Amino acid sequence: MRYSAFSIFTQALRGNASWPRVWRDPAPRASYDVIIVGGGGHGLATAYYLAKEHGITNVAVIEKGYLGSGNAGRNTTIIRSNYLLPGNIPFYEWSMKLWEGLEQDLNYNAMVSQRGVLNLYHSDTQRDAMARRGNAMRLHGVDAELLDREQVRAMVPFLDFDNARFPIQGGLLQPRGGTARHDAVVWGYARGADRRGVDLIQNCEMTGIRIEHGRVIGIETTHGFIRAKKIGLAVAGNSSRAAAMAGLRLPIESHVLQAFVSEGLKPLIDIVMTFGAGHFYVSQSDKGGLVFGGDIDGYASYAQRGNLPVIEDVLEGAMALWPALGRVRLLRHWGGVMDMSMDGSPIIDRTSVEGLYLNAGWCYGGFKATPASGWCFAHLIARNEPHPAAAAYHLARFASGAVIDEKGVGAQANLH
Ligand SMILES: Cc1cc2nc3c(=O)[nH]c(=O)nc-3n(C[C@H](O)[C@H](O)[C@H](O)COP(=O)(O)OP(=O)(O)OC[C@H]3O[C@@H](n4cnc5c(N)ncnc54)[C@H](O)[C@@H]3O)c2cc1C
């Protein structure tokens, strides 16, 4: 069914009792042309673009839980393309362009909200670094505005401008940045892929990868063996474990990232804002909760929950920037498992096993990449060659040293 004002009207007349299921619940077939492992945003977007852009519809997405049960359903929903390095800017800007047309393309309300992303600076050095970043963005045709203190005050007057431990000097604004509803993005891609014939297999875990003469022939799952000509891994925080099933060792560590939501409040903040003197960022959801987060936990883990020191650190950042938040009650918090690469940039590449493709290393910035990641991964799988926008995201860079170190912190995964 196509969603439209007319379909809402006619369904309302029938008491909203005959909306069809949004996707099927098929049993896995014996074989597919392509299996995508991981039913998060990236896996589903890949399946969608495989079908839509390349006409490859004999595809299954294998998900060990329910669709969107991983990071896709746990993130803080920020989308932006305010990157500095040449390998990154074109890719993330391509993603932003796909976000801008996504809802029409999917015929699904993904609640894309280009409310602006404001990164605050608190020192002359930070201002210079932000001016450089803004200039790099503009050179690539990306929108960026460097704001002074009074321009920032006009946008977010409730911050501590007069007595702060780290005085606010200004900010770098990307007006086209913002948020999208994470669950709806998953559901929109799932529906789009299903409508084009892709089988979405939930509660089915990949437990092994079968390889013969150096090429994949299929995967072992909790529902039995499924044959496939090509396999794409898009399992985010579980990338190292999945790749190990094919005997591969990845330049990735898995760490927990926590997120927080406050009680519902009246509209307070209409942009996404990040603190520059500590790790704290915040936006407000349509339900009224403040959605915020900060740094990852500093140790490797596969647990989908975090620890107290990071909670304290995030809340310290919040209080330093916006003291009034001390009156707000925290509603809930949770964790997701991040695939932290050694240079902080992702991997979209073939592997040394023929027919096995890898999509990983998204660190804590992979939600905004969802459309371009799916687009470029589908291109790679369909044509066996990288998409130009993701050509820099190859595995060989970790061996050659040609890394894409956006933060400039070296090979320490938890700092990226
Ligand atoms: C708290 C938090 C906040 C974040 N905030 C942002 C943000 O504001 N902006 C941003 O851009 N990014 C953010 N991110 C990062 C972003 O969510 C991830 O980078 C992105 O979602 C990863 O891609 P995905 O959606 O495909 O991953 P996932 O949703 O994790 O998908 C991977 C799927 O693979 C499945 N899987 C794993 N192993 C197997 C197996 N063996 N067999 C079958 N299935 C398997 C998992 O169950 C999972 O559903 C945040 C992440 C977290 C946790």
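The values are calculated or read from the model by the stated rules, or taken from the named source; none is laboratory data. What you are looking at is a predicted structure, and each value in this text was computed from that prediction instead of being measured. So basically every Cβ, Gly included, is an ideal-geometry build from the backbone, and we count neighbours across all protein chains shown. Ligands, DNA and RNA are stripped out before the accessible areas are found, and what is left, the full protein with its side chains, is counted by its heavy atoms. Shrake-Rupley method; radii C 1.70, N 1.55, O 1.52, S 1.80 Å.
Considering the stretch 1-46 alone, what residues qualify as being among the basic types (Lys, Arg) and over 30 Å from GLY355 (Cα atoms)?
Filtering the stretch 1-46 down to residues among the basic types (Lys, Arg) leaves 2, 14, 21, 24, 29.
The answer is ARG2, ARG14, ARG21.
For the stretch 15-39, enumerate the residues that are without any contact (Cβ under 8 Å) to a residue 60 or more places away in the chain and either buried (at least 17 other Cβ atoms within 10 Å of the Cβ) or aliphatic (A, V, I, L, M) (or both). Quick ask: steps written out before the conclusion?
Taking the stretch 15-39 and keeping what is without any contact (Cβ under 8 Å) to a residue 60 or more places away in the chain, we get 15-21.
Result: ALA17, single match.
Go through the stretch 237-265 and count every residue that is out of contact with any strand residue (DSSP E or B) (no Cβ under 6 Å at 6 or more places or on another chain), open to solvent by 20 Å² or more (accessible area, probe 1.4 Å) and within 12 Å of the ligand (Cβ to nearest atom).
Within the stretch 237-265, residues that are out of contact with any strand residue (DSSP E or B) (no Cβ under 6 Å at 6 or more places or on another chain), open to solvent by 20 Å² or more (accessible area, probe 1.4 Å) and within 12 Å of the ligand (Cβ to nearest atom) number 3.
Among the residues of the stretch 273-332, what is the count of those that are within 21 Å of ASP162 (Cα to Cα), touching a residue at least 60 places away in the same chain (Cβ under 8 Å) and in a strand (DSSP E or B)?
3
Looking at the stretch 396-416, is at least one residue of a type outside the set (A, V, I, L, M), surrounded by 18 or more Cβ atoms within 10 Å (Cβ to Cβ), farther than 25 Å from HIS182 by Cβ and within 16 Å of the ligand (Cβ to nearest atom)?
Looking through the stretch 396-416, none of the residues is of a type outside the set (A, V, I, L, M), surrounded by 18 or more Cβ atoms within 10 Å (Cβ to Cβ), farther than 25 Å from HIS182 by Cβ and within 16 Å of the ligand (Cβ to nearest atom).
Any idea which residue in the stretch 202-225 is farthest from the chain's Cα centre (by Cα), counting only those that are open to solvent by less than 60 Å² (accessible area, probe 1.4 Å) and closer than 20 Å to ARG24 by Cβ?
GLY224
Specify which of the listed residues (ALA382, ALA396, ALA392) is at pLDDT 95 or above and either among the aromatic types (Phe, Trp, Tyr) or in contact with a helix residue (DSSP H, G or I) (Cβ under 7 Å, 6 or more places away or on another chain) (or both). Working first, answer last.
On the way: ALA396 fails: either among the aromatic types (Phe, Trp, Tyr) or in contact with a helix residue (DSSP H, G or I) (Cβ under 7 Å, 6 or more places away or on another chain) (or both); ALA392 fails: either among the aromatic types (Phe, Trp, Tyr) or in contact with a helix residue (DSSP H, G or I) (Cβ under 7 Å, 6 or more places away or on another chain) (or both).
That would be ALA382, the only listed residue that is at pLDDT 95 or above and either among the aromatic types (Phe, Trp, Tyr) or in contact with a helix residue (DSSP H, G or I) (Cβ under 7 Å, 6 or more places away or on another chain) (or both).
Select from the stretch 314-362 the residues that are open to solvent by 10 Å² or more (accessible area, probe 1.4 Å), in contact with a Pro (Cβ under 6 Å, 6 or more places away or on another chain) and either within 15 Å of the ligand (Cβ to nearest atom) or of a type in the set (Gly, Ala, Ser) (or both) and list them in ascending order.
If the condition is that a residue be open to solvent by 10 Å² or more (accessible area, probe 1.4 Å), in contact with a Pro (Cβ under 6 Å, 6 or more places away or on another chain) and either within 15 Å of the ligand (Cβ to nearest atom) or of a type in the set (Gly, Ala, Ser) (or both), then TRP362 is the only one that fits.
Select, from ALA389, ALA378, the only residue that is in contact with a Phe, Trp or Tyr (Cβ under 7 Å, 6 or more places away or on another chain), within 20 Å of ALA190 (Cβ to Cβ), not in a loop (DSSP other than H, G, I, E, B) and not polar (S, T, N, Q). Give the steps one after another, and end with the answer.
On the way: ALA389 fails: within 20 Å of ALA190 (Cβ to Cβ).
Exactly one residue qualifies, and that residue is ALA378.
Let's see how each residue does on (1) touching a strand residue (DSSP E or B) at 6+ places or on another chain (Cβ under 7 Å); (2) over 16 Å from LYS230 (Cβ atoms); (3) open to solvent by 50 Å² or more (accessible area, probe 1.4 Å); (4) among the polar types (S, T, N, Q):
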residue	(1), (2), (3), (4)
LEU13	no, yes, yes, no
GLY41	no, yes, no, no
ALA51	yes, no, no, no
ASN71	yes, yes, no, yes
ILE79	yes, yes, no, no
TYR83	no, yes, no, no
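Right, THR46: within 16 Å of the ligand (Cβ to nearest atom) and either in a loop (DSSP other than H, G, I, E, B) or not hydroxyl-bearing (Ser, Thr, Tyr) (or both) or not? Before you say what the answer is, go through the steps one by one.
Numbers: within 16 Å of the ligand (Cβ to nearest atom): yes; either in a loop (DSSP other than H, G, I, E, B) or not hydroxyl-bearing (Ser, Thr, Tyr) (or both): no.
Here the answer is no, as THR46 does not meet what is asked.
When only residues in the stretch 183-196 that are within 15 Å of the ligand (Cβ to nearest atom) and open to solvent by 10 Å² or more (accessible area, probe 1.4 Å) count, which is nearest to the chain's Cα centre (by Cα)? Spell out how you get there, then give the answer.
Step one: filter the stretch 183-196 for residues within 15 Å of the ligand (Cβ to nearest atom), giving 183-190, 193.
Those left that are additionally open to solvent by 10 Å² or more (accessible area, probe 1.4 Å): 183, 187.
Values: ASP183: 12, TRP187: 15 Å.
The qualifying residue nearest to the chain's Cα centre (by Cα) is ASP183.
Could you list, in sequence order, all residues of the stretch 333-369 that are of a type in the set (Phe, Trp, Tyr) and part of a strand (DSSP E or B)? Step through it out loud before you land on a result.
From the stretch 333-369, those of a type in the set (Phe, Trp, Tyr) are 334, 357, 362, 364, 367; that's our starting set.
Within the stretch 333-369, TRP334, TYR357 meet the criteria.
Kindly provide the set of residues from the stretch 105-124 that are assigned to a helix (DSSP H, G or I) and touching a helix residue (DSSP H, G or I) at 6+ places or on another chain (Cβ under 6 Å), ordered by number.
Let us first name the residues in the stretch 105-124 that are assigned to a helix (DSSP H, G or I), namely 105-106, 124.
The one that is assigned to a helix (DSSP H, G or I) and touching a helix residue (DSSP H, G or I) at 6+ places or on another chain (Cβ under 6 Å): LEU106.
Restricting attention to the stretch 396-406, which residues are out of contact with any Leu (no Cβ under 7 Å at 6 or more places or on another chain) and assigned to a loop (DSSP other than H, G, I, E, B)?
Hits for the stretch 396-406 are ALA396, GLY401, ALA402, VAL403, ASP405.
Among the candidates ASP286, ASP199, single out the residue that is away from the ligand (no atom under 12 Å from the Cβ), over 19 Å from the mean Cα position of the chain (by Cα) and open to solvent by 60 Å² or more (accessible area, probe 1.4 Å). Lay out the reasoning, then the answer.
Working: ASP199 fails: open to solvent by 60 Å² or more (accessible area, probe 1.4 Å).
One residue alone meets the criteria, ASP286.
Please work out which one of (1) open to solvent by 10 Å² or more (accessible area, probe 1.4 Å); (2) closer than 15 Å to LEU120 by Cβ; (3) outside any strand (DSSP E or B) is the condition ASN163 fails and give its number.
If we test ASN163 against (1) open to solvent by 10 Å² or more (accessible area, probe 1.4 Å); (2) closer than 15 Å to LEU120 by Cβ; (3) outside any strand (DSSP E or B), just (2) comes out false.
Could you tell me whether the stretch 72-87 includes any residue that is modelled with pLDDT of 95 or more, over 12 Å from VAL185 (Cα atoms) and more than 14 Å from the ligand (Cβ to nearest atom)?
Checking the stretch 72-87: at least one residue is modelled with pLDDT of 95 or more, over 12 Å from VAL185 (Cα atoms) and more than 14 Å from the ligand (Cβ to nearest atom).
Take the conditions in a helix (DSSP H, G or I), more than 9 Å from the ligand (Cβ to nearest atom) and within 30 Å of LEU118 (Cβ to Cβ) and apply them to GLU53. Does it pass? I'd like the intermediate steps shown before the answer.
Values: in a helix (DSSP H, G or I): yes; more than 9 Å from the ligand (Cβ to nearest atom): yes; within 30 Å of LEU118 (Cβ to Cβ): no.
No; evaluated as a whole, the condition is false for this residue.
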